[in-house]
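Participant: Have a look at this one before I ask anything.
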Amino acid sequence: MAMVYQNGNVYEKGKRLKKWYGQFRLYMRDREGKEVERTRKVILGLKSELRKYQAEEKLRDIIRKENGKIGLAVPAPPPDDSVTFKWFVKEKYLPICRGRWRTATREKTEHEIKKYLVDKFKDVPLRNTGFFELQTRLNDLAEKYSESIVKHSFVDLIMRMAQRLKFISDNPGEETRMPATRPIERPTMTPEQINLLIEAIEDPHDLCLMCIGLFCATRTSETFGLQWKSYGGDSLMIHSTAYEGELYRGQVKTGASRNAVPIPDDIVPIIEAWRQICPDTSPDALMFPTHGKGERAGSTVPRRAKSFLKWRIHPLAKKMKIPRRLVTFQVMRRTLGTDLQHHGTIKDAQGVYRKACERQSTREHGQFWRSGGQLVSNRNMQRVPKRVPTCPTWKRWPVELLEKNGSSGRTRTYNPPVNSRVICPGAYVFSVI
């Protein structure tokens, strides 16, 4: 293949930490052996450490090296139809990624990949799985399932891993786009339903567990993994998590999960009442234990969330005529985030949820949140006097604001925007400080 002369393009990017980036063309071969053009981007260095001409020289060196490789031509992987999509996912992708997933994530992810992708492309050769096949599969899933299912299909990640391991020359998954899906239903509980459920619970153990789930916004795994050393009087510190009756010491979902969880003042007496009658309140003891079975007989283990709700809470909810789909820890967590909009800001909800992103806090767990600008405006309007004088004649009058401009004595005219407040003769002007 002939050499292609190019200098590339150097540009800066970043807000707080600015860097020099380089962009140039790269010629490769697709899985059919045809030459295709690709655009590659590289990071050249920090803007504070490199001048632009130095970044351009560095990019030319990179292009020179890449052109040397391109001159030899990048060979396409040999045609091998024995490498099927199912074989690659089972023998390569899952063994590599399984170590990064927690137990709950691993079971859910492997089930979704098998159900929505492997069962569809199981005997199709990996090199024949292209953009058309992947995009049409996403479109088919979007007609039946919600956004969460389609987004977690892992199409791009699987094909990217196949490209990295040299099974395919290019990644068709990076060109796929998220199709339109049906809206996700995120129900919440009403205050009346919460009061009925709390009043129906008589057992101190169940009442304490449900109050923490309802009013502290802890995750399901965090609630059932609580130990007495997590309780600090006015807050909870997450040290471990529990899933399907197994305690995972020291494991939490994210780094922000270790932040303190505030406990409402009305919930503290309920926790103290359970603490007084709890059989074991040592620091490492579970707050909500149960007896193990089988190999773990005679030991205390965490409760299973589904079994606890099914046998101890759902009968009470049925008696109170509360829909069963509302009595889940996910709905309780979402309900608290939705109610916080009347008592705080998005930042407050982010602190309670212990999320790193405000958008994620309001999108996944809160409903009908007002924007941050609206909340700030409402707080500022509280500082304005309640009585706002009105214009008696309802006529607009031009307003000129004259001020000194330096020592020359010149003045400049200020014309308020069209949608500004009308200032009339005899009206008061309030300034918000």
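Participant: Where the second residue is modelled with pLDDT of 80 or more and the first is of a type in the set (S, T, N, Q) and lies in region 58-71, which pairs have Cβ atoms under 6 Å and are six or more apart or on separate chains?
Facilitator: Sorted first by the residue in region 58-71, then by its partner, the list stays empty.
Participant: Just to confirm my filter: which strands (runs of 3 or more DSSP E) fall fully inside region 175-291 and include at least 1 residues that are surrounded by 15 or more Cβ atoms within 10 Å (Cβ to Cβ) and within 28 Å of the chain's Cα centre (by Cα)?
Facilitator: Working: elements: 240-243, 246-249, 289-291.
In region 175-291, the matching strands (runs of 3 or more DSSP E) lie at 240-243, 246-249.
Participant: Any residue at all in region 158-166 that is surrounded by 13 or more Cβ atoms within 10 Å (Cβ to Cβ), more than 30 Å from ARG333 (Cβ to Cβ) and free of Cβ contacts under 8 Å to residues at least 12 places away in the same chain? Don't jump to the end; show me each part of the working.
Facilitator: First, the residues of region 158-166 that are surrounded by 13 or more Cβ atoms within 10 Å (Cβ to Cβ): 158-163.
If we keep only those that are more than 30 Å from ARG333 (Cβ to Cβ) too, we end up with 158-163.
Checking which are free of Cβ contacts under 8 Å to residues at least 12 places away in the same chain leaves us with 163.
Yes, that holds for at least one residue.
Participant: Could you list, ordered by first residue, the pairs with Cβ atoms under 8 Å in which the first is in region 260-276 and outside the structural domain of GLN227 (by TED's automatic domain parsing) and of a type in the set (S, T, N, Q) and the second is part of a loop (DSSP other than H, G, I, E, B) and at pLDDT below 85, at least 6 apart or interchain?
Facilitator: none
Participant: Quick one: is LEU165 touching a helix residue (DSSP H, G or I) at 6+ places or on another chain (Cβ under 7 Å) and more than 30 Å from GLU35 (Cβ to Cβ)?
Facilitator: Numbers: touching a helix residue (DSSP H, G or I) at 6+ places or on another chain (Cβ under 7 Å): yes; more than 30 Å from GLU35 (Cβ to Cβ): no.
No.
Participant: Can I ask one more? Does ARG64 fit the bill of being in a helix (DSSP H, G or I) and modelled with pLDDT of 85 or more?
Facilitator: no
Participant: Working only within region 122-138, note down all residues that are closer than 19 Å to SER169 by Cα, part of a helix (DSSP H, G or I) and not polar (S, T, N, Q).
Facilitator: LEU126, ARG127, PHE131, PHE132, GLU133, LEU134
Participant: Shifting gears a bit: Out of everything in region 80-112 that is in contact with a strand residue (DSSP E or B) (Cβ under 9 Å, 6 or more places away or on another chain) and part of a loop (DSSP other than H, G, I, E, B), what residue ends up being modelled with the highest pLDDT?
Facilitator: In this case the residue turns out to be VAL83.
The values are calculated or read from the model by the stated rules, or taken from the named source; none is laboratory data. All values reported here derive from a predicted model rather than from experimental measurement. Here Cβ is always computed from backbone atoms with ideal geometry, including for glycine, and neighbour counts include all displayed protein chains.
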